[in-house]
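The values are calculated or read from the model by the stated rules, or taken from the named source; none is laboratory data. Being a predicted model, the structure only gives us computed values, none of them experimental. Positions of Cβ are backbone-derived with ideal geometry, glycine not excepted, and every protein chain shown enters the neighbour counts. Remember, those area values only see protein heavy atoms, side chains included, never the ligands or the DNA or RNA. Shrake-Rupley method; radii C 1.70, N 1.55, O 1.52, S 1.80 Å.
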Amino acid sequence: MEFHSGRLIYDTISRSERIGRLPSFRTITNCAKMAPHDVRRPHKRPAISDQQKRRELSLQRQQQNRRDAQQQARSLASTLLSLSSSFNEPSTSEPVLEIEMNGLDSETECSPELLPEREFNEPALKELDVRQASKLKGSEARKWFSKQLLLPEWMIDVPDRLSEDWYVFARPSGKRCFVVSSNGTTISRLRNGSILHRFPSALPNGAKTKNASGSGQTYSILDCIFHETDQTYYVIDMICWRGYSLYDCTAEFRFFWLNSKLVETGACESPSYYHKYRFSLVPVYSCDQNGLYAAYTGAAPFVKDGLLFYNKHSHYQPGNTPLALVWKDENCSQYVIDTDSNGQVPSQQQLVLELQGDGKVATSDDPPVDFGCLDGDFIEKLGLSSGNLLRFTIGDGGLTIVDGRIQGADLQYTGKVNRARAFADSYSKVMFQYAARRSPLKIDDLLASINSPNDGGGHDTEMVG
């Protein structure tokens with residue numbers, strides 16, 4: 001395939017303008033065509049991402065963070081015991097008590113490859129103080145809450161050990177939101193941080209009732225999708241329950257805890273004066289062939305919008321994570337390919353990127369993936385500034401992908417996006433949409449990747465709505 005020196009293509013008509021050169025980027029003369037997928041050999045799919053590698057690194061970081069927390073607890077305990085001993089017995093001849101912590105070993109040094117993201121994620125590992133955040137107002141509150149949701153990546157390759165290490169469930173169509181019950185009220189916030197509803201609920205401390213029990217200072221946090229048709233909050237994850245943080249718990253435990261605790265509150269019952277909206281669980285399956293087929297074809301009380309896959313060992317990590325995935329096709333979603341403002345599928349793929357301080361346009365990932373660079377004159381002419389979300393279309397030159405990484409992009413600028421939008425597209429979404437128009441990942445590919453047809457039996461994983 002022939003390549004040419006890089007530039008981001010521009011359209012001279014209307015608002016489109018020339019975009020500056022980025023030497024490290026290249027654009028191809030013709031749109032890249034992916035080889036047809038062989039259902040019998042799902043692992044032979046062209047490498048369009050490093051998603052599997054990032055999944056492995058994410059699990060390693062989780063393990064490293066756990067070890068670090070254990071080491072910190074060990075050091076704290078040893079220090080406190082040492083101080084206590086020194087206070088009660090002035091003699092220092094006695095050895096300091098050595099505390100053994102399960103899971104610690106000699107391999108506690110952090111790998112240089114793991115350090116950058118670990119440092120970035122350390123604040124997210126601390127228990128979320130929603131009470132303090134609830135005092136924030138306006139844009140500050142929206143900004144804070146917009147960063148609290150776990151955001152699944154789009155599935156652009158089939159995970160290893162899909163049947164052993166993953167759950168699958170149908171994703172309800174609707175508005176993804178963050179539901180907090182505390183101090184006698186319940187508030188739901190959308191992905192961009194704005195308030196969706198403020199209402200009484202049967203969740204702990206979710207309404208001002210006479211028989212309310214427990215401390216008024218405790219709070220609960222649920223990850224939900226509000227389904228407009230039946231006015232129901234479908235709960236897909238539990239983040240905190242009665243003040244007990246579940247951020248560092250595995251998905252396996254969180255789903256069990258969610259199923260055990262939510263029903264006890266009466267939140268799954270019909271609406272009433274002190275319970276305005278009903279909450280409901282979503283059936284979760286082990287991702288063997290029967291479980292995948294049940295999630296894909298089974299009847300549901302809501303309109304489906306694809307499937308969600310969660311790694312059983314993953315913690316709740318705010319932001320984009322490859323340990324949770326979303327996948328769609330025409331049989332389980334109305335909107336596999338993004339539509340425009342008129343609800344129509346555009347002839348060319350559109351994407352939203354964020355303008356960086358150095359003129360580059362990038363995804364919402366951490367770290368962001370650069371797709372190109374805008375010329376300084378172009379930025380000044382249109383009055384653009386760092387942080388602006390800009391919409392582009394992918395031209396006939398398509399994308400250049402080498403070893404799962406973007407190396408070139410033929411982009412056409414079309415304008416700014418709606419100010420209500422909080423994030424640029426993720427790299428995985430761009431690549432999923434790109435593949436969906438050319439060589440989509442099909443349900444047969446997922447089924448073919450599962451080795452044993454009868455492994456696990458496809459039973460619900462203790463979470464039945």
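Largest first, how would Tyr316, Tyr273 line up by accessible area (1.4 Å probe)?
If we order Tyr316, Tyr273 from most to least accessible, we get Tyr273, Tyr316.
Quickly rank 400-406, 257-263, 177-183 as a protection proxy: mean count of other C-beta atoms within 10 Å, highest first. Walk me through the numbers on the way to the answer.
Details: 400-406: 15.4, 257-263: 18.3, 177-183: 23.7.
Those peptides, ordered most packed to least, come out 177-183, 257-263, 400-406.
With a 1.4 Å probe and all protein chains left in place, how much of the accessible area of the range 302-364 comes from carbon and sulfur atoms, in whole percent?
Carbon-and-sulfur percentage of accessible area, whole number: 39.
Using Cα centres only, tell me the gap between the range 372-429 and the range 255-281 in whole Å.
For the range 372-429 versus the range 255-281, the Cα centre distance is 42 Å.
Can you give the local net charge around Phe302? Use residues other than it whose beta-carbon is closer than 11 angstrom to its beta-carbon, Lys and Arg +1, Asp and Glu -1. Don't skip to the end; give the middle numbers.
Numbers: positive: Arg171, Lys304; negative: Glu228, Asp230, Asp305.
Spelling it out: positives minus negatives among the neighbours equals -1.
Pairs of Cα atoms under 8 Å, at least six residues apart: use those to get the relative contact order of the range 342-433, whole percent. Walk me through the numbers before you get to the answer.
Numbers: 149 pairs, mean separation 29.0, N = 92.
That works out to 32 percent.
Take every Cα pair under 8 Å in the range 243-353 that's 6+ residues apart, average their separations, divide by the length, and report that relative contact order as a whole percent.
Numbers: 89 pairs, mean separation 27.9, N = 111.
Answer for the range 243-353 is 25 percent.
Sort Trp144, Trp327, Trp154 from largest to smallest accessible area, using a 1.4 Å probe on the heavy atoms of the protein chains.
The residues order as Trp144, Trp154, Trp327, largest area first.
Which of the lysines could be linked to Lys261 by a straight reach, that is with a Cα gap under 24 Å, when you skip same-chain ones fewer than 8 residues away?
Result set, ordered by chain and number: Lys126, Lys175, Lys208, Lys210, Lys276, Lys312.
Ranked highest first by average number of other Cβ atoms within 10 Å, how do 284-296, 236-248 line up?
Working: 284-296: 23.1, 236-248: 19.2.
Top of the packing list down: 284-296, 236-248.
Averaging sequence separations of C-alpha pairs under 8 Å and six or more residues apart, then dividing by the length of the range 309-387, give the relative contact order as a whole percent.
With pairs under 8 Å counted, the relative contact order is 18 percent.
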